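What follows is a short report on a single structure.
The values are calculated or read from the model by the stated rules, or taken from the named source; none is laboratory data. Just so it is clear, the structure is predicted and the values come from calculations on it, not from any experiment. All Cβ positions, even for glycine, are placed from backbone atoms using ideal geometry, and neighbour counts span all protein chains on display.
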Amino acid sequence: MKNPFDTPEREEFRAQLKAFVDKEIKPYVNDWDEEGKIPWDLHQKAGALGVWGFGIDEKYGGLGEDDNFLRAIYNEEFAKCGAGGVGAAMGGRMISLEPIQRLCSSEIKDRVLKDIVTGKKGSSLGITEPGGGSDVANMKTSAKRDGNHFVINGSKTFITGAMTSDYFVVGARTGGSGLKGISLFFVEADRDGFSRVPLDKKMGWWCSDQATLYFQVIRHKLANMSSKIDALEALVNNICWNMNNGEVPVAEISKAKFFATKELEYCSSEAMQIMGGAGYLRGNPVERIYREVKVMAIGGGSEEIMRDLAVRQMGY
Ligand SMILES: Cc1cc2nc3c(=O)[nH]c(=O)nc-3n(C[C@H](O)[C@H](O)[C@H](O)COP(=O)(O)OP(=O)(O)OC[C@H]3O[C@@H](n4cnc5c(N)ncnc54)[C@H](O)[C@@H]3O)c2cc1C
C-alpha cells in the first residue's frame, strides 16, 4: 500500500538504508550474534549515513533538522536485519544524544558530540539500577558536590553499549525524594572510580521444551500478521505527523509502544509456527526475533508502565 507520508527524500533514505543493511549487516548477523558484539567500523559506516543526526546541529555532524518519519525509517530498516542486538549496539547512543545536545556545556559538545554522531565514539544513557528500572523516581544513585566537581555514588545496570561507550549520561539524586530530586550528569569513562562489568548471556530458554499445535491455513496467518502490521504503521505515521507538527502525543506514543510489542509477540510466534521445527533452530532469523521479543516488551518502558502512562495521560 502506498504510504501517503512518503516523499522523495524519505524514499531515498529508505533505499540507502536498505542497501546498507543488505550488504553490511545481513550476511554477518548470525556470527555477530553468536560473538556477542559487532565490529566497531560498523558504527562509523552507519554514522556516515546520518542515522544519528536527527535533531542535532550540523556543526556537530548532525542533520540540522528532525523528521520523525526518517527516524521511523531508520528503525524499520535496521530491524529488517533480523537481530535486534545490532540496532541496539549502534543505536544505544540515540537515547543519550538529546540530553548531551540540550544540556551539556558548549565545551563538552564541541569536544564529544561530533564523534558520537559520526560513530567514532559511543555514548550511553544510565538510568536503570539493580534495585529496579520502572520506578525511576526512587533512584538511589547520588551525586554530591566536592569542590568544583561532583562525586557520584551508586550503580547502574542493563546499560546498552556500556562496555564500549566512552561517554555516559547518568541519572543521580542531587535533591530530595521523587523525580524532581534527580539530575543528569555527563560522565567520561576514564574518570577515577568508574568501572564496568559485562552482563552474562541475556534471555533464552534454550534447553526447555514447549510446543503448541495449531491446524490453521498458513495464508490466513499471513493475512492476520499483515493486517496487524498495517494498523501499527498507520498509528506510527499518525504519531510522526503530529510530532513533525510540534505535538508530543504521549498517550498515543505509550499506546503505540505496548501495541507494537504485543503485535511483535504475535507475529514472531506465528512466524515460528509457520516455520515449524526449522524456526526453532539457532541461526534462523525467526528464532532470533522470537527470542528477542521480550526485550522490546520490557526495555524502554515496560508494557505495564506504558499502559499506566497512557491512561493517566487520557485523564483516567
Ligand atoms: C536489553 C536491555 C537494554 C536496556 N538498556 C538500557 C539502557 O541503555 N539504559 C537504561 O537506563 N536502562 C536500560 N534497560 C533497562 C530497562 O529500561 C528496564 O529493564 C525497564 O525499565 C524495566 O525495569 P526493571 O528491569 O528493573 O524491572 P522492574 O522495574 O523491576 O519491573 C519488573 C516488572 O514489574 C512491572 N512493574 C514495575 N512497576 C510497576 C507498576 N508500578 N505497575 C505495574 N507493573 C509494574 C514491570 O512492568 C515489569 O514487568 C535495558 C533493559 C534491557 C532488557
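Under the condition of being within 7 Å of the ligand (Cβ to nearest atom) and among the aromatic types (F, W, Y), the residues counted in the range 150-162 number 1. Filtering the range 64-83 to residues that are among the aromatic types (F, W, Y) and farther than 19 Å from L264 by Cα leaves only F69. The residue that is modelled with the lowest pLDDT, among those in the range 264-316 that are farther than 26 Å from H220 by Cα and among the basic types (K, R), is R282. In the range 280-316, of all residues being surrounded by 14 or more Cβ atoms within 10 Å (Cβ to Cβ) and not in a helix (DSSP H, G or I), the one that is farthest from the ligand (Cβ to nearest atom) corresponds to N284. Considering (1) more than 30 Å from E292 (Cβ to Cβ); (2) of a type outside the set (D, E); (3) crowded, with 18+ Cβ neighbours inside 10 Å, the lone condition that F150 does not fulfil carries the number (3).
Hey, could you check the range 180-193 for residues that are more than 23 Å from the chain's Cα centre (by Cα) and of a type outside the set (D, E) and say which is surrounded by the most Cβ atoms within 10 Å (Cβ to Cβ)?
Per the stated criteria, the residue is G181.
Residues in the range 16-46 that are closer than 14 Å to C81 by Cα, surrounded by fewer than 16 Cβ atoms within 10 Å (Cβ to Cβ) and either hydrophobic (A, V, I, L, M, F, W, C) or in the same structural domain as G161 (by TED's automatic domain parsing) (or both): 1 in all.
Among the residues that make up the range 139-161, is at least one of them aromatic (F, W, Y) and modelled with pLDDT of 90 or more? Taking every residue of the range 139-161 in turn, at least one turns out to be aromatic (F, W, Y) and modelled with pLDDT of 90 or more.
Checking the stated criteria, S106 turns out to be without any contact (Cβ under 8 Å) to a residue 40 or more places away in the chain, under 16 Å from G61 (Cα atoms) and either within 12 Å of the ligand (Cβ to nearest atom) or out of contact with any helix residue (DSSP H, G or I) (no Cβ under 9 Å at 6 or more places or on another chain) (or both). Looking across the range 118-149, the residues that are touching a residue at least 60 places away in the same chain (Cβ under 8 Å) and more than 10 Å from the ligand (Cβ to nearest atom) come down to T118, G119, K120, G122.
The C-beta contact set for the range 161-182 (first residue without any contact (Cβ under 8 Å) to a residue 24 or more places away in the chain, second residue part of a helix (DSSP H, G or I), distance under 6 angstrom, 6+ apart or interchain) comprises G175/G181. Scanning the range 63-108 for residues that are aliphatic (A, V, I, L, M), farther than 23 Å from F20 by Cα and surrounded by fewer than 18 Cβ atoms within 10 Å (Cβ to Cβ) gives L103, I108.
Which of the helices (runs of 4 or more DSSP H) found entirely inside the range 1-75 contain at least 1 residues meeting this: among the β-branched types (V, I, T)?
29-35
Among the residues of the range 77-99, the ones that are within 12 Å of the chain's Cα centre (by Cα) and either in a loop (DSSP other than H, G, I, E, B) or of a type in the set (A, V, I, L, M, F, W, C) (or both) come to 10 in all.
Do we find a residue being polar (S, T, N, Q), more than 16 Å from the ligand (Cβ to nearest atom), touching a residue at least 40 places away in the same chain (Cβ under 8 Å) and assigned to a helix (DSSP H, G or I) anywhere in the range 247-264? No, because not a single residue in the range 247-264 is polar (S, T, N, Q), more than 16 Å from the ligand (Cβ to nearest atom), touching a residue at least 40 places away in the same chain (Cβ under 8 Å) and assigned to a helix (DSSP H, G or I).
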